[in-house]
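Report on the following structure.
Bear in mind that the values in this text are calculations on the coordinates, not laboratory data. Predicted, not measured: the structure shown is a model, and the values here were computed from it. Cβ placement follows ideal geometry from the backbone for every residue including glycine, while neighbour counts extend to all protein chains displayed.
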Amino acid sequence: MARRSTKTASPDDFEERILDIDVVDEMQGSFLEYAYSVIYSRALPDARDGLKPVHRRIVYQMNEMGLRPDRGYVKCARVVGEVMGKLHPHGDTSIYDALVRLAQPFSMRVPLVDGHGNFGSLGNDDPPAAMRYTECRMADATSLMTESIDEDTVDFQPNYDGQEREPAALPAAFPNLLVNGASGIAVGMATNMPPHNLGEVVAAARHLIRHPNADLDALMRHIPGPDLPTGGRIVGLSGVRDAYEKGRGTFKIRATVSVEQVTARRKGLVVTELPFAVGPEKVIAKIKDLVGSKKVQGIADVKDLTDREHGLRLVIEIKNGFVPEAVLEQLYKLTPMEESFGINNVALVDGQPLTLGLKELLEVYLDHRFDVVRRRSEFRRGKKRDRLHLVEGLLTALIDIDEVIRLIRSSDNSAQAKQRLMESFSLSEIQTQYILDTPLRRLTKFDRIELEAEKERLTAEIAELTRILESDAELRKLVSAELAAVAKKFGTPRRTVLLESADTPAALPLQVADDPCRVLLSSTGLLARTANADPFPVQRGAKRVKHDVIVSAASTTTRGEIGVVTSAGRLLRINVVDLPLLPEIAAGTAPNLAGGAPLAEFVSFEDDETPVCLTSLSESSAGLAVGTLQGIVKRVVPDYPAGKEALEVITLKEGDRIVGATELRTGDEDLVFITDDAQLLRFQASLVRPQGRPAGGVAGIKLTDGAKVISFTAVDPGQDAVVLTVAGSRGTLDDSVQTTAKLTPFDQYPRKGRATGGVRCQRFLKGEDCLSLAWAGPAPARAGQKNGMPAELPEMDPRRDGSGVGLPKTVSVVAGPA
C-alpha cells in the first residue's frame, strides 16, 4: 500500500506572479460587468416576449415538463427545482416569487401560470404559502408563449454551466410586455410598465401591420390607456400620452367607490376596486391611523367584507352629519385609495436597454413575430419537402415493385442492394434507405393511392408556405390573422375606467348643513327626516301608499335634536342627523316612510312602553301638551336640559299612562279629549297653566265609571279640521276589529269647560259598545292597517252624534297629514 507524502510545499516551490492593477480601473471594470449582468440577466424584460430571464425559464421549463393546462397540477417545489437545477443560477426564493407573480390574477392581466393553493393576496397582505404546499401548471394562454418553439423559431443559447440549452426569447404569440406589463430595478435604471387590455393591444398591433406609418393618435384610438387587473379609475390621461410618446409618464389611479346605505342609520363608502398593487389591509391601516390622529373626520367604522363570491368589498361607514363625497375626497388625498403610477418603458432591444414609446414597443414585438413566423414557415417547408422526397421515392419504387424485389433478393448484402437500387431507379441515398426500411405490407395498391394523395397535399402545402415566404404582404397578413385569433379566444372586456379629470366637485362641504327639516313618525314605527320644515299640504283623495299614515311630526334642523315622548311619561333624545333622509316629495302627494328606519334603532323602550309623539325640544315653543288615560292634562314648560338622554315630562299616578301628546305652536290651540264611551271634550289650551316637568298635571276630562281616554290631540281652530271615530266592542279580544267609522267636521263640536264631560261624538249601533280608535286634527284624516297599508274612510257626516258607516278593511291606526 502506497503512502501519501506528508511533505508540505515551501514558498520556493511556487512561481511568484504579482499584477500591478490600478484599483480605480479594477472597480470600474468589475462594476460595469456586474451592472451589465444585472441589466441583461436579471432585472429588465426583453422587448420581444416581455419576460425577464427568470420568467422565461419558468415558462420554458414548465413546457418542457409537459405541464399542459389539461394535465394535473404538480408541486411548485418541483418546478422551482427543475428551473434552478437546469437553467437559473440563483436561489429558489427568487424563482418561486417570480412563479407566484405569474399566477396572480391581480398582478397579471393574462396570468401565465394556473396556480392551485394560496398564491397570496392583493397588496401582499396575505403572503403566498410555501412552495411545498402550492401546485401549478401552465395556464391556457401560456401555450401561446411557447407555441412552435420546437420549430426553429427562436435562437437557443447555453445555460449557466453549458450542459443545457435555453431560448434567448420565446415565440410569444401575443404582445406579453404590453399586456402584462413589467417592473424591475437594475443598476442605474429601472422599468415600470402597466398592464393593458389584450384585445386593445392586438387591435393596435394589427393596425400597425396594415399601416406601418401610423402615428401615435391612430394607435391610441385602439389603446386609450392601461387596463389594470384590479380595475380602478385612471384620472388624467396627459401622463399616459407622454408615456406612449416618449416612454415616460405618470398617471393617478383611484379606487372605484360608490356611496350606499350600508345600515339603516348610516351611509357608507363601498370600495369594490383598489389601485394596482394596493391591498385592503394597507388601506384599512392607513384610515385607522388618520382617524386616530384626527386628520380625517366623519368615519365611524371600516369593515373588510371581501370574499370569493363577491370579490373585493371594503365598507367605510360614515358618521351621520358628514357628506360621504367630501370624506371620500379626503381619503383620496391621504390614503392609498389614490396612487400615482410612473411609467418607465425600459426594455432590452438586441441586448441593449432602451426607453420605448408605444409604437416602438409594438414595432419590436411585430418584428420578432415576423421573424418567428418566417422561421416557422421555413422549418415546416423543409420538413414537408423532406417528406415529399421520401414519398416520391417510394412511389417510384411502387411503379416497378417486382424489379425492386428482384434486385434486393439477388444482392449479396444490404449495401449492394442499396447501391443497385440507386443506380437502377435514380434514387437518392435517403430515398433508397427509406424503401429498404419500408415493410412489405406498405406496398399494397391502397397504400399507393394514399401516397399519391399525400404527395398532392404536400405539394400544395409547400406551395402555400413558399408563397408566404416570398411575399412580405402574405407574411404580415398571416401574423395579423393569428393575432386576431388570439384576441378572439383570450380577449376580455376592459376593467379600468379612463377619466380625463376627477369628476368630484371642488370645495364640497365636509359636514351636512344645519338646514331646516321635518321629522316624521309612521304608524308602523318608522322614523325619517325630510328636507322641508313645513307641513305637507295634502289634498283629500290623493293616491296613497304603504307607510303613509304619519302619527307624529316635528320641525327642527338637520344637526339639531328631537324628543320622543313615551307612554311612561319620559322624553328620549334623538340626533336628527342620524335619521335617514327621504327623497324629495312632490307637491300635493303624501309623504310615506318606506325608506325610514325603525324607531327602536335610535331609542330603547322599557317594558310596555310605547312612543306617543315627537317634539322639537325648542324652548321658543308654547310647550308640550300631554293627556293621560285617566283624563289628566298637562302643559309642560319647554325646559329640556342638555346632556340628558332621558327626561321626565310628567309624574303619572299608578295605573295611568300617556295616550296623547302634542307640541303647541302658539298656545291658542284647542285641546281635545275623546273617551272610549264616545265622549268628546274640547277646551282652550290657555285654560291649562304650564307646569314644570316633574308636576302631575290637572284634571282634563270628567270620566264616567269604567271609561278611559283613547285620544288626546291639539287642534288649531283656524284650520280645516275633522274628528274621526271608529266603533267596536269591548268583548272583542282584538282591538283592531271594528264595525263602523264616522268622519265629522271639527266645528260641529262646541267648546266646553275643562274637567267637564264633553258631548257625544258617535252613536253606537247594535253590537257596538265602545270606541276603539279616535282622532281629532287637521284634514284630511288617514287610516291604516296593521301592516302599514292604507285603509279607506267613509264620506264626511255633518252629524256630531250620528252613527258610523261600515269599513271595507280592518283599521288599526288613525291620524292626519304630516
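Laid out as a table, the results:
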read-out	value
Unit Cα scatterers, Debye sum, region 256-336: log10 I(q)/I(0) for q = 0.12, 0.22, 0.24, 0.26 Å⁻¹	-0.30, -1.06, -1.26, -1.46
Cβ-placed point charges (K, R +1; D, E -1), dipole of region 516-815 about Cα centre in debye, nearest 20	560 debye
Förster radius 22 Å - calculated FRET efficiency between Q511 and E606 (Cβ-Cβ, nearest 0.05)	0.05
About the Cα centre, charge dipole magnitude for the chain (Lys/Arg +1, Asp/Glu -1 at Cβ), debye	2640 debye
Exceeding the 19 Å Cα-Cα cut-off - candidates K52/K86; K246/K359; K52/K359; K455/K477; K653/K708	K52/K359; K455/K477
Dipole magnitude of region 256-336, debye to nearest 20 (Cβ charges: Lys/Arg +1, Asp/Glu -1, about Cα centre)	320 debye
Cα centroid separation, region 190-233 to region 99-123 (Å)	23 Å
Residue among A776, A460, H389 farthest towards the positive dipole end of the chain, charges placed on Cβ	A776
Rg(Cα) / (2.2 N^0.38 Å) computed for region 516-815, rounded to two decimals	0.94
Exposure proxy ranking, count of Cβ atoms within 10 Å, fewest first, for I650, I408	I408, I650
In sequence order, calculated HN-Hα J values of region 259-271 (Karplus, 6.51, -1.76, 1.60; Hz; x Gly/Pro)	8, 10, 7, 7, 9, 5, 9, 10, 9, x, 9, 9, 9
In sequence order, calculated HN-Hα J values of region 629-642 (Karplus, 6.51, -1.76, 1.60; Hz; x Gly/Pro)	4, 8, x, 7, 10, 8, 9, 8, 5, x, 10, 10, x, 6
Tilt relative to the chain, helix 23-38 - C-alpha long axis, 0 to 90 degrees, to 10	70 degrees
Dipole of the chain [Lys/Arg +1, Asp/Glu -1 at C-beta], most positive-end residue of S523, L724, V813	L724
Table column - 3J(HN,Hα) (Hz), region 183-200, Karplus curve with 6.51, -1.76, 1.60, x for Gly and Pro	8, x, 10, 9, 8, x, 7, 8, 10, 8, 10, x, x, 10, 7, 4, x, 5
Share of pairwise Cα separations in region 51-171, more than 23 Å, in percent	25 percent
Sum of -39500 (n - 2.57) over DSSP H runs of 4+, divided by residues of the chain (222 nm, nearest 500)	-9000 deg cm²/dmol
Using alpha-carbon coordinates, inclination of helix 92-103 to the longest axis of the chain, degrees	60 degrees
Amide hydrogen neighbours beyond the local backbone of G181, cut-off 5 Å, H modeled	H196
Neighbour-count order for D747, D705, fewest beta carbons within 10 angstrom listed first	D705, D747
Proxy reagent accessibility, fewest Cβ within 10 Å first, across S293, S424	S293, S424
Positive-end residue of A168, T146, L219, charge dipole of the chain with Cβ unit charges	L219
Long-range HN-HN contacts of F322 with modeled amide H, under 5 Å	V512
The chain - convex hull of alpha carbons, volume per residue in Å³	373 Å³
Per-peptide average of other Cβ atoms within 10 Å, ordering 563-570, 471-478 highest first	563-570, 471-478
